[in-house]
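S.K.: Sharing a structure here in structure tokens format.
The values are calculated or read from the model by the stated rules, or taken from the named source; none is laboratory data. Small disclaimer: the values here were computed from a predicted structure and weren't measured. Note that each Cβ is placed from the backbone with ideal geometry, even for glycine, and that neighbours are counted across all protein chains shown. What goes into the accessible areas is simple: the full protein's heavy atoms, side chains included, and nothing from ligands, DNA or RNA. Shrake-Rupley method; radii C 1.70, N 1.55, O 1.52, S 1.80 Å.
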Amino acid sequence: MLKKWIFSLVLMMATAFAAAFDWQSPQLNSRLWKVSKSGAPDSYLLGTYHLGARDSQLPEHLKHILANSDVLMTEVMMAGATEESRADMKAVLQQMTNHTDKQTLSDKIGRKRVERLAQRLRKEGGGSLSVRQLDRFEPWATILLEISIRPKGLSMETGVDKLLQKEALRRNIALDGLERYTDLPAAFRALPLARIEELLDFNDVHRDQSEALSRKLFQLYYSRNYPELVALSADSSAYSVGLPQESIDFWQHWMEQELLEKRNRRWLPKLLEQLPKKRLLVAVGFGHLADESGLIAQLRRHGYTVTAIEE
């Protein structure tokens, strides 16, 4: 269960973005893009939403693209698919728990917050952890636990990324990740304690807002209403009622910088190394396509033609 919590932090990429993030450049009129360059095999870039309904299935045209690819490259390697990914998952679990001091999580953020988090996890499908078990966690890890709580009826097991990974395994197509699990916690570890407490308190009182946002993004993505998806991703303040504007600005800036821009730039060298040699299907959260730091703009600056594909 804890392994699924680590993987689910990627969901945050689709749920909130800084106002300064330029969603209008490039114009995102599709989730599927062809990547081509003279002398290199054609590849594809797919913007995903990490949650799916229970009955979600891959469309046939994505199965066809995958079948003609050498490698499926997602944000991180499929959990447990390799010895390295299994070791990385174990290492992240070690980071999430406290091994350096005698203070419990309750000592650091207050027992009431820990009790309320345990109740939300148990009630809303994020897993069952007692207060005693939660007390082993570091404060920043509680944000990952919060992310594991997903709207009823939606699951990462049927999100586009996971469905593609399962299909790739069935077809014996190679899997790869743009980063390792051990790269992911750094942005969370640096969060100030006061901000962590603030977000936990907000989620305790206003859980309905984050659930409504996830459902709306889900609906816009799967109905292919990309203009409204872009607009909502650019400004989701309507789902942050109850947080002071200064707090909204902080979280938006943190998410923009740490979960989008920095990761986009970190991923580029691996893409540039692989694209000249292999046919890739690169599947990343929809937000990673936007802005001048996004994968579309970065690949274009390196001489690739990146063209929207109508589905």
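S.K.: From the Cα gyration tensor of the chain, with a ≥ b ≥ c the square roots of its eigenvalues, which class applies: rounded if a/c is under 1.5, or else prolate if a/b is larger than b/c, or else oblate?
M.R.: Note, shape of the chain comes out prolate.
S.K.: Got a number for the accessible area of Leu229? Probe 1.4 Å, square angstrom, nearest 10.
M.R.: For Leu229, the solvent-accessible surface is approximately 10 Å².
S.K.: Per the Cauchy relation, a quarter of the hull surface: what is the mean projected area of the convex hull of the alpha carbons in segment 142-202, in nm²?
M.R.: Answer in nm², one decimal: 5.8.
S.K.: How far apart, in nanometres, would the label points at His206 and His302 be if each is projected 7 angstrom from Cα along the Cα-to-Cβ direction?
M.R.: Placing both labels 7 Å beyond Cα along the Cβ direction yields 3.9 nm.
S.K.: Oh, and also: Give the accessible surface of the chain per residue, rounded to a whole number of Å², with probe radius 1.4 Å and ligands, DNA and RNA excluded.
M.R.: That works out to 44 Å² per residue.
S.K.: Under 4 °C and 1.567 mPa s, how fast does segment 125-253 diffuse according to Stokes-Einstein, given a Kirkwood radius computed over C-alpha pairs? Answer in µm²/s, whole number.
M.R.: Approximately 75 µm²/s, per Stokes-Einstein.
S.K.: Further question on the same structure: Express in whole angstrom the spacing between the alpha-carbon centres of segment 179-195 and segment 46-72.
M.R.: Centre-to-centre (Cα) distance: 29 Å.
S.K.: Grab the other residues whose beta carbon is less than 15 angstrom from that of Ile143, score K and R as +1, D and E as -1, and report the net.
M.R.: Overall, the nearby charge balance is +1.
S.K.: Let me ask something additional. With a 1.4 Å probe and all protein chains kept in place, how do Tyr221, Tyr44 rank by accessible area, largest first?
M.R.: Tyr44, Tyr221
S.K.: Along the Cα→Cβ direction, 7 angstrom out, place labels at Ala234 and His61. What is the inter-label distance in nm?
M.R.: 2.5
S.K.: Got a number for the accessible area of His302? Probe 1.4 Å, square angstrom, nearest 10.
M.R.: The value for His302 is about 90 Å².
S.K.: What FRET efficiency comes out for the pair Ser38/Arg195, r = Cβ-Cβ distance, R0 = 51 Å, nearest 0.05?
M.R.: 0.60
S.K.: For Phe218, what accessible area in Å² do you get when you roll a 1.4 Å probe over the heavy atoms of the protein chains, rounding to the nearest 10?
M.R.: The accessible area of Phe218 comes to roughly 40 Å².
S.K.: Shifting gears a bit: Among Asp235, Asp22, what's the order by accessible area (1.4 angstrom probe), most exposed first?
M.R.: Asp235, Asp22
S.K.: Considering only DSSP states other than H, G, I, E and B, which trypsin sites (Lys or Arg not before Pro) in segment 53-143 qualify as loop sites with at most 10 other Cβ atoms within 10 Å?
M.R.: Answer in residue order: Arg54, Lys102.
S.K.: Which angle from 0 to 90°, rounded to the nearest 10, does the C-alpha axis of helix 83-96 make with the longest principal axis of the chain?
M.R.: Value to nearest ten degrees: 30.
S.K.: Measure of size requested: the Rg and Dmax of segment 254-311, with Cα atoms as the atom set and Å as the unit; please supply both.
M.R.: Over segment 254-311's Cα set, Rg and Dmax evaluate to 11.6, 35 Å.
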